[in-house]
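Just so it is clear, none of the values below were taken in a lab; they were calculated from the coordinates. These figures come from a predicted structure and were not determined experimentally. Don't worry about glycine lacking a Cβ; one is built from the backbone with ideal geometry, like all the others, and counts go over all protein chains shown.
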């Protein structure tokens, strides 16, 4: 397995007086695939994503991306390698979709530079690839949740990174919009890019991902292909409720057992 | 994808600001209220002296004041992700007022001494707010600096209150009060030379970083993922905009509302991206400030303090924008 990001023995806490959020965590993200990170609320998924990005520095352990340690890259080099679609992106000013997506060119421009013709072309191509060219002139805050998620992804396409990190990209979306996002991620992976997404929906994860990471209380409890990770035992244990993993016509599906209310 | 309105309107704005500048040279109360006919300017040596020695430095200062306050307002609203921030909020205005009061009461009433003292205390307030924000152990960068700014502002404002209380009511208090109401009535070429480097640096740095400002308005982790050196870039912008504001406040007194309202109007006309709205805000702010100063010195036989006029006009515009949904306040994280 070709890995693009690897973590070794990561410990992390937000403050020296706080308890550990991640403890002794080791992880490998395969290149050119969609990886899904699953786990209960508050288990450290977003923190893990921020460590993969290089935004948070672990208190202990080694993080590598494309063969080099995160700290050996400049901020700008790192931003040409890894892009982020955060869980909440509050945009206090009403940028148009196009103005926002164009910001994806920042890693290629110095702080005093304006985007040039090439940058504008790349932004247009990204909008087209995400299927939202028709929204270009619309204000970002006035489009639907599903469209906004596509806008964030188009912004990262404009960034032209090898790795895309997404924090719960399908949360609050209806099934059609979930499908749009997940298919887009699959197409990206088919084109050689790497995507890492956190999610609370195992079925969405199964739909898009080839590699799975199960987290519980700041540790990895399983990682690998779907059959090894998404099992009745694993899920029932980390969520502490009876969960059944079924196989129908070769397709794996996760269901909550009925009649076992907490 | 280019913003069509921007391309169409900017040339008009440029012509407009030059027009306002040229007209303002002839607007005043000499030889008679409101307008100096061209032949008077040509034939009357006293009129020419008045224009060259008094009106011109005042006019250029008004232009710079409007440009700096609007540019600073635009930048600070964006990097603090808060559309209600204005250039004086980090304690700079109150710090400068305190500095002016200290100078009037205890140091010297020479304008240059007042300016230096006001600039010094304005920057001291900024440094104090910044230092305090690094000592707060919770909240994001925006919240910490906003809280520190409020606290430092309140401290200096209390200090100003004390100085007003002990000021000599016959000599010092009127001067102090008039300074705080804000005005450009005493601006000389020397004052202008004092603020020029601060103003030009402030305007220049924000202008060249105008696209980057958009990036700094995003969530911290998103801006980081796009390669921004958040601390350094924000500090550069803060330093240049706030020191320009402090220097101008030192000679103009506290001029409110320009830095708050003009950026809103510019964003409404040209969209949120600072690439376009920031230069537009500078031009609109320059023109607004020159026009307000024209009114301040011609409307009544005596001078109306500029700060009162900008507050009155600014508040009315603000109410209009609010009612017509021009100000769109979103959640800020």
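Descriptive notes on the structure:
- With one equal scatterer per alpha carbon and no solvent term, the Debye-computed log10 I(q)/I(0) for the range B:103-172 at 0.20 1/Å reads -0.85.
- Kirkwood-Stokes translational diffusion coefficient of the range A:91-160, alpha-carbon pairs, 37 °C, 0.692 mPa s, µm²/s: 277
- The alpha-carbon atoms of the range B:228-333, seen along their principal axes, cover 53, 35, 22 angstrom, with the largest extent given first.
- Comparing Cα centroids, the range A:44-66 and the range B:104-143 end up 38 angstrom apart.
- Inter-label distance, nm, simple model (7 Å from Cα along the C-beta direction), residue A:110/residue B:29: 5.2
- Model label sites at residue A:174 and residue A:128, defined 7 Å from Cα along the beta-carbon direction, differ in position by 2.9 nm.
- Most mobile listed residue (A:130, A:36, A:195) in chain A, GNM with C-alpha springs under 10 Å: A:130
- Size-normalised alpha-carbon gyration radius of chain A, reference 2.2 N^0.38 Å: 1.03
- Span from the the range A:153-221 Cα centroid across to the the range B:17-69 one, whole angstrom: 64
- Within 10 Å of each Cβ in A:151-160, the average number of Cβ atoms from other chains: 1
- Note on the range A:179-262: Kirkwood hydrodynamic radius from all Cα pairs is 13.9 Å, rounded to one decimal.
- Largest first and in whole Å, the equivalent-ellipsoid semi-axes of chain B read 32, 27, 16, each the square root of five times a Cα gyration tensor eigenvalue.
- Taking N as its residue count, the alpha carbon Rg of the range B:102-220 over 2.2 N^0.38 Å: 1.32
- Computed E for residue A:236/residue B:229 - FRET, C-beta separation, R0 35 angstrom, nearest 0.05: 0.15
- Viscosity 1.567 mPa s, 4 °C: Kirkwood-radius Stokes-Einstein D of the range A:1-105 over Cα pairs, µm²/s: 84
- Residue-averaged [θ]222 nm for chain A, counting only DSSP H segments that reach four residues, each worth -39500 (n - 2.57): -9000 deg cm²/dmol
- Note on the protein assembly as shown: percent of Cα-Cα distances in each 20 Å bin, starting at 0 and stopping at the bin with the largest distance, equals 19, 43, 26, 10, 1.
- For chain B, a Gaussian network of Cα nodes joined below 10 Å ranks B:37, B:57, B:305 by mean-square fluctuation, and the top entry is B:37.
- Beta bridges from DSSP with both residues in the protein assembly as shown: antiparallel share about 60 percent, rounded to the nearest 5.
- Förster radius 30 Å - calculated FRET efficiency between residue B:7 and residue A:143 (Cβ-Cβ, nearest 0.05): 0.75
- DSSP-defined antiparallel bridges as percent of all bridges, chain A, nearest 5: 60
- Förster-model FRET efficiency, 51 Å R0, residue B:113 and residue B:324, C-beta, rounded to 0.05: 0.65
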